[in-house]
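Please read the structure below before turning to the comments.
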Amino acid sequence: MTHYDLFVIGGGSGGVASARASAAHGAKVGIAEGDAFGGTCVNRGCVPKKFYVYASHFPDEVRAMTHYGWQTSEPSFDWDTLKRAVFEEVARLNGIYDSMLNKAGVTVYPKRATLEDAHTIRIGDETITADKIMIATGGKPFVPAIEGSEHGITSDDAFHLETLPKRIVIIGGGYIAVEFAGIFHGLGVEVHQMVRGDGILRGFDGDVRALVQEKMQQKGIHIHCQTSVTAIVKEANGSLTLSLDNGEKMATDVLMFATGRVPNTESLGLEAAGVACDDKHEIIVDEWQQTSIENIYAVGDVTGRGLDLTPVAINQGRAFADSHFGNSRRNIEDMVIPTAVFSQPPIGTVGLTEEEATEQYAKVDIYRSQFRPMKYSLAKSEDQVLMKLVVDGDSGKVLGAHMVGEDAAEIMQGVAVAIRAGATKTDFDRTVGIHPSSAEEFVTMREKSHTHTNDRRQAC
Ligand code: FAD
Ligand code: NDP
């Protein structure tokens, strides 16, 4: 029977990172992947999504071109060309993952694996043992139990639609819903987004939420707040009729659920191994990624710990490898986690929102700047950039930074380093801007927008 120092179940962001880093430290490592290496991010997440976002930007670029003197004929779009190009690239990346694992000396099992007990893994007819086991099986879309929900699709399917629909309804107000609303709108589809709450992106900074929602609506995306779909009926002509909780009916070609994700913990043998899950079926881990069983660990979306983001899963996996095979015990608890939403306009954010800071700090200063980006000023477009710093009014430390506008993700990565280093507003003020850029605004905001004092909710 083959025995490993570490066996990893799941070849996505967290699993591959755990396996490669552990092998690099000299461990004997095996990894099983039941689908395609690279997991959600490479095959049906970050990577294809970002390509589709790029594709959907071109109409705005073309509109702006004419204001810069370029003459163009009306462009047309071919959905099949986009799908083919993106998934050729995804296939190339799958191959790269496979060869990276081989080069690292990791034994690859291209099959689904299950646990038989705390040290035994079953892969088809084969039984394997390991000192340590890493579970990195990720998650899958959650579809609420609505009458007719089988007629809907999820983000997994959205990339592969046979034809580009004329109309789509997207249920949800989170990351996936707003990103796909922007994608489909940019590609020329009539988009309706159904949000059960009072606005999109619950949990993000209030100013950010409000501006992105306003700009999405201005572009022509129909956002229906406090609206739920209660039933879906498929008509003879293939279209869908939706019943809404306000009593109205709506017709659409495609309905997409973007209503959160659930962990892949079903039929994994967790009970046989004694691994405990919480009430959302997520594996319970401590800050060292250790489960309720001493030699079994879990990283990424399958756990209830940390944000469900690729770099989080990767860093958890690498920290595990360093701790167990590299003699450098560490976890990711003190890491700063910036995030971006590739909405249109996009968001970059790190640290506390204004709302969170006012709950936690006695005095909070807000610096805020909103302006039309230079690139679109000739085009006289409605685009706006928002930049915002949330500052501890007592120590001057920058607690959070938020941006809406082009390149927000690129800009926020650098700002996150400053925040991790504990930068104060004075440090920002003492940094010279790069001109002309949008980013320079982060170091030139001198006037406070407002201050929150002890009264926590009252801005003065
Ligand atoms: P996964 O990447 O899901 O990998 C789990 C792997 O385990 C899968 O390949 C699966 O096939 C395999 N598996 C499951 N069960 C078994 C088994 N029993 N045996 C063998 N293999 C098994 N994050 C970002 O940071 N930025 C983004 O822009 C971004 N965009 C996203 C867009 C979409 C549409 C989605 C859905 C997600 C996006 N995410 C993004 C989130 C990101 O994809 C996940 O956080 C990340 O992939 C989690 O990595 P993971 O290793 O935990 O799981
Ligand atoms: P989110 O948790 O971001 O959003 C889920 C949305 O669905 C929320 O608006 C939620 O509403 C709504 N919802 C949940 N249940 C129902 C229901 N029964 N009926 C109607 N609405 C419902 O999940 P996503 O699926 O958008 O994305 C999953 C995760 O993947 C993200 O949290 C993120 O971690 C990751 N991701 C990251 C991306 C990036 O980094 N750019 C891009 C895409 C995904 P409410 O707010 O009221 O609960």
Go through (1) in a helix (DSSP H, G or I); (2) within 16 Å of ligand 2 (Cβ to nearest atom); (3) not hydrophobic (A, V, I, L, M, F, W, C) one by one and return the number of the condition residue 343 breaks. (1)
Index of the failed condition, residue 49 passing every other in (1) basic (Lys, Arg); (2) open to solvent by 70 Å² or more (accessible area, probe 1.4 Å); (3) within 15 Å of ligand 1 (Cβ to nearest atom): (2)
What are the pairs, 6+ residues apart or on separate chains, where a residue within the stretch 402-431 that is part of a loop (DSSP other than H, G, I, E, B) has its Cβ under 8 Å from a residue that is surrounded by 13 or more Cβ atoms within 10 Å (Cβ to Cβ) and of a type in the set (Val, Ile, Thr)? 405/385; 406/385; 423/398; 431/443
Kindly provide the set of residues from the stretch 242-266 that are surrounded by 18 or more Cβ atoms within 10 Å (Cβ to Cβ), under 12 Å from residue 142 (Cβ atoms) and within 11 Å of ligand 2 (Cβ to nearest atom), ordered by number. 257, 258, 259, 261
Can you give me the ranges of the strands (runs of 3 or more DSSP E) entirely in the stretch 237-279 with at least 1 residues that are in contact (Cβ under 8 Å) with a residue 12 or more places away in the chain and touching a Cys at 6+ places or on another chain (Cβ under 9 Å)? 261-263
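Yes or no, residue by residue, for (1) in contact with a Leu (Cβ under 7 Å, 6 or more places away or on another chain); (2) small (Gly, Ala, Ser):
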site	(1), (2)
170	no, no
187	yes, no
200	no, no
210	no, yes
229	yes, no
235	no, no
Report, by residue number, each residue of the stretch 4-36 that is more than 21 Å from residue 326 (Cβ to Cβ) and surrounded by fewer than 24 Cβ atoms within 10 Å (Cβ to Cβ). 34, 35, 36
Going through 388, 448, 380, 425 one at a time, which residue ends up being more than 21 Å from residue 335 (Cβ to Cβ) and at pLDDT below 95? 380
Collect the residues in the stretch 288-306 that are part of a loop (DSSP other than H, G, I, E, B) and out of contact with any strand residue (DSSP E or B) (no Cβ under 7 Å at 6 or more places or on another chain), keeping them in residue-number order. 288, 292, 293, 294, 304, 305, 306
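Might you let me know whether the stretch 33-46 holds any residue that is of a type in the set (Phe, Trp, Tyr) and within 16 Å of ligand 2 (Cβ to nearest atom)?
Taking the stretch 33-46 and keeping what is of a type in the set (Phe, Trp, Tyr), we get 37.
Among the residues that remain, those that are also within 16 Å of ligand 2 (Cβ to nearest atom) are: none.
Looking through the stretch 33-46, none of the residues is of a type in the set (Phe, Trp, Tyr) and within 16 Å of ligand 2 (Cβ to nearest atom).
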The stretch 346-399 - residue that is assigned to a strand (DSSP E or B) and polar (S, T, N, Q) and, of those, surrounded by the fewest Cβ atoms within 10 Å (Cβ to Cβ): 370
Using the structure shown, decide if residue 285 is assigned to a loop (DSSP other than H, G, I, E, B) and more than 11 Å from ligand 1 (Cβ to nearest atom). yes
Does at least one position in the stretch 158-173 carry a residue that is of a type in the set (Ser, Thr, Tyr) and within 16 Å of ligand 1 (Cβ to nearest atom)? no
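Report, by residue number, each residue of the stretch 302-341 that is closer than 29 Å to residue 215 by Cα and either open to solvent by 50 Å² or more (accessible area, probe 1.4 Å) or away from ligand 1 (no atom under 12 Å from the Cβ) (or both). Give the derivation first.
Going through the stretch 302-341, the residues closer than 29 Å to residue 215 by Cα turn out to be 307-311, 336-341.
Once the filter is applied, which keeps residues that are closer than 29 Å to residue 215 by Cα and either open to solvent by 50 Å² or more (accessible area, probe 1.4 Å) or away from ligand 1 (no atom under 12 Å from the Cβ) (or both), the stretch 302-341 yields 307, 308, 311, 336, 337.
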Go through 323, 292, 267 for me and flag whichever is at pLDDT 95 or above, in contact with a Lys or Arg (Cβ under 6 Å, 6 or more places away or on another chain) and farther than 30 Å from residue 183 by Cβ. 323
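The values are calculated or read from the model by the stated rules, or taken from the named source; none is laboratory data. Only a predicted model underlies this, so the values are computations on that prediction, with no experimental measurement involved. As a convention, Cβ positions derive from the backbone with ideal geometry for all residues, glycine included, and neighbour counts pool all protein chains shown. Areas reflect the complete protein model, heavy atoms only, side chains present, ligands, DNA and RNA absent. Shrake-Rupley method; radii C 1.70, N 1.55, O 1.52, S 1.80 Å.
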